[in-house]
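One structure, as structure tokens, below. Some questions next.
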Amino acid sequence: GAVVSQHPSRVICKSGTSVKIECRSLDFQATTMFWYRQFPKKSLMLMATSNEGSKATYEQGVEKDKFLINHASLTLSTLTVTSAHPEDSSFYICSARDRQGISQPQHFGDGTRLSIL
Amino acid sequence: AQSVTQLDSHVSVSEGTPVLLRCNYSSSYSPSLFWYVQHPNKGLQLLLKYTSAATLVKGINGFEAEFKKSETSFHLTKPSAHMSDAAEYFCVHSSTSGTYKYIFGTGTRLKVLA
């Protein structure tokens with residue numbers, strides 16, 4: 001149980017393109033999902049918290065207009081990297097909890113490797 | 001402030017020997033702690049979690065962790081390393097914020113030598 005699916009797993013595109021990444025909870029509903037960015041050989045950096053039916057909460061320093069988040073249903077959150085540039089190349093990972101509470105673990109997707117040429 | 005410190009960025013062990021990955025935490029309340037493993041180009045997989053029910057926590061793939069309040073530690077161990085254990089390991093602490101965001105350690109890369 002508690003499977004989070006992320007799509008696509010890898011995307012390569014030209015500079016200036018907008019890229020959408022999907023995060024789905026397959027066997028549970030998630031009012032909250034988390035989006036992370038991971039640089040090579042580094043830990044995960046929280047970008048934003050996606051809230052179903054309302055605006056996402058962005059971490060300090062993350063550009064809201066660059067990284068658009070939509071959480072339109074209880075099983076789907078999307079991250080759109082708008083007008084992507086080479087510096088946006090990174091590994092993006094989403095997560096969600098199947099149960100609420102501080103002691104409940106987050107379940108992670110397999111990540112999306114984004115490469116901007 | 002809450003924090004997590006992973007004391008070793010890299011650990012190398014021989015196959016069949018014990019594994020010890022160290023984690024210390026800082027918290028003003030009873031913490032919720034987790035260990036995750038990440039294989040290359042993959043997401044994070046939960047190994048185990050501590051939630052105050054028992055100080056010795058057993059996880060998947062033969063991993064264990066012991067919560068020691070007096071030492072503010074939550075070290076991850078495994079009696080016998082396998083080649084497939086080679087990966088990045090993260091010690092994680094849940095914050096007390098409304099969405100219980102994760103506070104990550106910097107990670108420990110485990111290398112298993114044949």
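Given a cut-off of 17 Å, what percent of all Cα-Cα pairs of region B:28-78 lie beyond it?
35
Continuing with this model, one more query. List the relative contact order of chain B as a percent without decimals, with contacts defined as Cα pairs under 8 Å and 6+ residues apart.
With pairs under 8 Å counted, the relative contact order is 36 percent.
When N counts the residues of region A:15-67, how does its alpha-carbon radius of gyration compare numerically with 2.2 N^0.38 Å, as a ratio?
Cα Rg divided by the expected 2.2 N^0.38 Å: 1.27.
Moving to a separate point now. Suppose every Lys and Arg Cβ carries +1 and every Asp and Glu Cβ carries -1, with no other charges. What dipole size does region B:24-92 come out with about its Cα centre, to the nearest 20 debye?
140
Still on this structure, I have one more. Might you work out the accessible area of A:Met45 for me, using a 1.4 Å probe with all protein chains in place, and round it to the nearest 10 Å²?
Using a 1.4 Å probe on the heavy atoms, I get roughly 80 Å².
Taking the alpha carbon gyration tensor of region B:5-114, what are the square roots of 5 times its eigenvalues, largest first, to the nearest whole Å?
23, 15, 12
Here's something else I'd like to know. If you plug each phi of region A:34-45 into the Karplus form 6.51 cos²θ - 1.76 cosθ + 1.60 with θ = phi - 60°, what whole-Hz ³J(HN,Hα) values come out, in order, with x for Gly and Pro?
Once rounded to whole Hz, the list reads 10, 10, 10, 10, 10, 8, x, 6, 10, 7, 7, 10.
Still on this structure: Would you please calculate the Kirkwood hydrodynamic radius of the protein assembly as shown over all C-alpha pairs and express it in Å, rounded to one decimal?
18.3
Quick one: net charge of A:Leu46's neighbours, Cβ under 10 Å, K/R +1, D/E -1?
Its environment carries a net charge of +1.
Sticking with this one: Given the convex hull of the Cα atoms of region A:1-113, what is a quarter of its surface area in nm²?
7.0
Restricting to lysine pairs 8 or more places apart or on different chains, what number in chain B have Cα atoms under 26 Å apart?
So the count works out to 21.
The values are calculated or read from the model by the stated rules, or taken from the named source; none is laboratory data. Quick caveat: nothing in here was measured; it's all calculated off a predicted structure. Here Cβ is always computed from backbone atoms with ideal geometry, including for glycine, and neighbour counts include all displayed protein chains. Side chains are part of the model used for accessible areas, which takes the heavy atoms of the whole protein and leaves out ligands, DNA and RNA. Shrake-Rupley method; radii C 1.70, N 1.55, O 1.52, S 1.80 Å.
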